[in-house]
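Q: Questions regarding the structure given below will be posed in turn.
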């Protein structure tokens with residue numbers, strides 16, 4: 001049982017990046033119109049961004065050992081950033097990064113990053129969106145398989161990543177995905193060099209796959225991606241508009257995100273230990289809303305559940321104070337909002 005404590009890498013990406021798995025698709029070049037759309041999306045994603053808010057998190061893992069749970073704090077972390085491109089306020093940006101820190105997680109390195117850009121029309125609705133994401137992937141479906149996978153990576157010095165660039169427009173969704181191996185085991189602290197490597201693979205990797213879906217087949221008239229859809233339903237949660245559902249397209253496949261219910265949390269104390277600073281953090285929150293969500297894959301019927309605690313007042317209004325995701329009965333991931341150095345709320349404007 002003690003070996004399970006060495007597997008915080010299973011925490012990897014939580015709900016927000018769980019959809020990055022590369023799916024089977026036909027190979028071959030994309031039609032020219034789709035290539036043009038993808039390239040424009042890349043220009044949006046590459047534009048300088050002015051972030052209005054940043055939420056920094058620590059990552060806690062809970063493992064069930066027979067009849068009780070055991071937790072390990074600060075085995076990784078990440079952030080969510082929200083803003084707009086510096087030259088075009090109609091391009092809204094949501095960026096995230098989450099993963100395990102090998103220095104804190106017994107050498108286990110699992111992480112992912114994603115950026116969504118939404119182009120807004122005059123009415124404030126999404127005209128189009130683009131998403132670029134990648135992750136240090138895992139094919140393991142059990143604790144033992146994870147241990148063997150980690151051993152093979154170290155022995156072969158081959159580290160698997162998966163990446164996607166996608167675009168959603170009225171009547172058409174396209175994406176390019178690619179799995180690839182890197183001789184360097186990029187960590188989530190190395191986002192910039194990892195991203196450059198991933199972009200090269202997206203542009204000319206031999207294992208690239210092209211996906212497309214027309215609007216009629218998708219059955220979804222919205223042009224948003226996953227991240228902005230979560231943002232939209234979180235806003236509805238603050239107004240207690242539940243249940244509510246919104247469709248979206250990811251990797252040229254249709255999904256539905258549902259806000260199942262919203263429950264008031266008058267007071268909650270959150271505590272965790274920051275290993276690097278040897279500091280115990282205890283935050284007392286008031287007037288929170290617990291928003292419960294699930295994602296439905298319309299093709300497979302598979303559902304994925306997660307919960308977000310949202311602040312409702314002052315500088316914490318709309319802030320994700322805590323995110324919980326439990327993929328199975330024995331494993332749970334919790335992302336806790338970290339305070340700033342001055343002890344104030346974790347939301348900060350760069």
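Q: Using the basic label-point model (7 angstrom from Cα toward the beta carbon), what is the residue 190 to residue 125 distance in nanometres?
A: Output for this residue pair reads 4.5 nm.
Q: Using Cα-Cα distances under 8 Å and only pairs 6 or more residues apart, what relative contact order does the range 168-263 have, in percent?
A: 32 percent
Q: Roughly how far apart, in whole Å, are the Cα centres of the range 248-310 and the range 149-228?
A: Using only Cα atoms, the two centres lie 24 Å from each other.
Q: Kindly rank 45-56, 273-284 from highest to lowest mean number of other beta carbons found within 10 Å of each residue.
A: Descending packing order for the listed peptides: 45-56, 273-284.
Q: State the Cα centre-to-centre distance between the range 69-140 and the range 325-340 in whole Å.
A: The range 69-140 and the range 325-340 have Cα centres spaced 16 Å from each other.
Q: Zone of residue 299 (label point 7 Å along Cα→Cβ, backbone N under 12 Å): which residues in the range 228-252?
A: Under 12 Å, as judged by backbone N against the label point of residue 299, lie 250-252 of the range 228-252.
Q: Where does the range 167-280 land on the Kirkwood hydrodynamic radius, alpha-carbon pairs, in angstrom?
A: Mean inverse Cα-Cα distance, inverted, gives 17.9 Å.
Q: Using a Förster radius of 41 Å, what is the FRET efficiency between residue 282 and residue 221 based on their Cβ-Cβ separation? Nearest 0.05, please.
A: Numbers: r = 46 Å, r/R0 = 1.12.
Efficiency computed from Cβ-Cβ geometry: 0.35.
Q: How much length is gained on full extension from residue 270 to residue 88, taking 0.36 nm per residue of separation minus their Cα-Cα distance?
A: Going from the current span to full extension adds 61.7 nm.
Q: Okay, next question. If contacts are Cα pairs under 8 angstrom and at least 6 residues apart, what is the relative contact order of the range 2-344 in percent?
A: 16 percent
Q: So how long is each side of the range 2-344 along the principal axes, counting just the alpha-carbon atoms, biggest first, in Å?
A: 54, 52, 39
Q: Between residue 245 and residue 160, what FRET efficiency follows from the Cβ-Cβ distance if R0 is 25 Å, with the result rounded to 0.05?
A: Working: r = 34 Å, r/R0 = 1.36.
With a Förster radius of 25 Å, E is 0.15.
Q: Let me ask another. Would you work out the relative contact order for the range 266-310, in percent, from Cα pairs under 8 angstrom that are 6 or more residues apart?
A: So the answer I get is 31 percent.
Q: Could you give the radius of gyration (one decimal) and Dmax (whole number) of the Cα atoms in the range 87-189, in Å?
A: Cα only, the range 87-189: 17.5, 55 Å (Rg, Dmax).
Q: Can you put 221, 252 in order, fewest other beta carbons within 10 Å first?
A: Fewest-to-most Cβ neighbours within 10 Å comes out as 221, 252.
Any read-out appearing in this document is the output of simple, stated calculations on the displayed coordinates, not a laboratory observation. All values derive from a computational prediction rather than experimental measurement. Every residue, glycine as well, gets a Cβ built from its backbone with ideal geometry; the counts of neighbours run over all protein chains shown.
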